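*Asks:* Can you read through this structure? Questions will come right after.
Since every read-out is calculated from the coordinates, none of them should be taken as a lab result. What you see is a predicted model; the values in this text were computed from it and never measured. Backbone-built Cβ (ideal geometry, glycine too); neighbour counts: all protein chains shown.
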Amino acid sequence: MSIIGHSGRLPAAMLVYMIALLLALPVAAIGSDWFDDEAAATAPGVASIRVSLGEQRAYFYKGDILVGESRVSSGKPGFRTPQGHYRVLAKKVHHRSTLFGSYVDRDTHRVVRADVDTRTDRRPAGTYYRGAKMDYFIRFNHGIGFHASSDVPNHAASHGCVRMPPQMARKFFQYAPIGTRVIVTG
């Protein structure tokens, strides 16, 4: 049986139904960031996160159901995000890096030197170290984790962590309990 009517066109009711189905597709269908809170809260199964370094995307699953997708920025050359199978080890809403940040003048509190690596950049006299903000930090491999950032280009640019837009980092943080499986692929 054909859905095309005698006139050679789709019946109006069928056309309306098909448009409604297309409008109901998640925004992911066009590659944007999206998250379905209801599915994350009610779908059966355990949470898991998959990261594709090649796509610079993170996918949040509840059981076998994809409930969210976000663009990410992983580790740049020399600081590559390691591939592998991990578990969420810890979470912290307000976290600061212990390795990367800025040296700040003690008196004026102005940044004297930005983008420092405390392992290689000596602290100038009269300054203190202020770690880079990494809110909604989800640690999954030693010091590497997901975190919010206002700088999420469509390529690898971090010091190893997985940067996410703030609204997406909050969602992943909210729904990924400690122990959540994290899979990072190339």
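*Asks:* Filter the stretch 40-58 for residues that are of a type in the set (A, V, I, L, M) and surrounded by fewer than 16 Cβ atoms within 10 Å (Cβ to Cβ) and give the result. Before the answer, list the steps.
*Replies:* Narrowing the stretch 40-58 to residues of a type in the set (A, V, I, L, M): 40-41, 43, 46-47, 49, 51, 53, 58.
Within the stretch 40-58, A41, V46 meet the criteria.
*Asks:* Restricting to the stretch 165-186, name every residue that is farther than 14 Å from K91 by Cβ and touching a residue at least 40 places away in the same chain (Cβ under 8 Å). First the steps, then the outcome.
*Replies:* Kept after step one, since they are farther than 14 Å from K91 by Cβ, are these residues of the stretch 165-186: 165-168, 181, 183-186.
If the condition is that a residue be farther than 14 Å from K91 by Cβ and touching a residue at least 40 places away in the same chain (Cβ under 8 Å), then P165, Q167, M168, R181, I183, V184, T185, G186 are the ones that fit.
*Asks:* Report the residue count in the stretch 36-55 for those that are more than 14 Å from Y86 (Cβ to Cβ) and in a strand (DSSP E or B).
*Replies:* Result for the stretch 36-55: 1.
*Asks:* Conditions: (1) closer than 21 Å to N154 by Cα; (2) in contact with a Phe, Trp or Tyr (Cβ under 6 Å, 6 or more places away or on another chain). K92 meets all but one. Number of the miss?
*Replies:* Here K92 meets the rest and fails (1).
*Asks:* Can you tell me which residue in the stretch 124-164 is surrounded by the most Cβ atoms within 10 Å (Cβ to Cβ), limited to those that are charged (D, E, K, R) and not in a strand (DSSP E or B)?
*Replies:* By that ranking, first place goes to D135.
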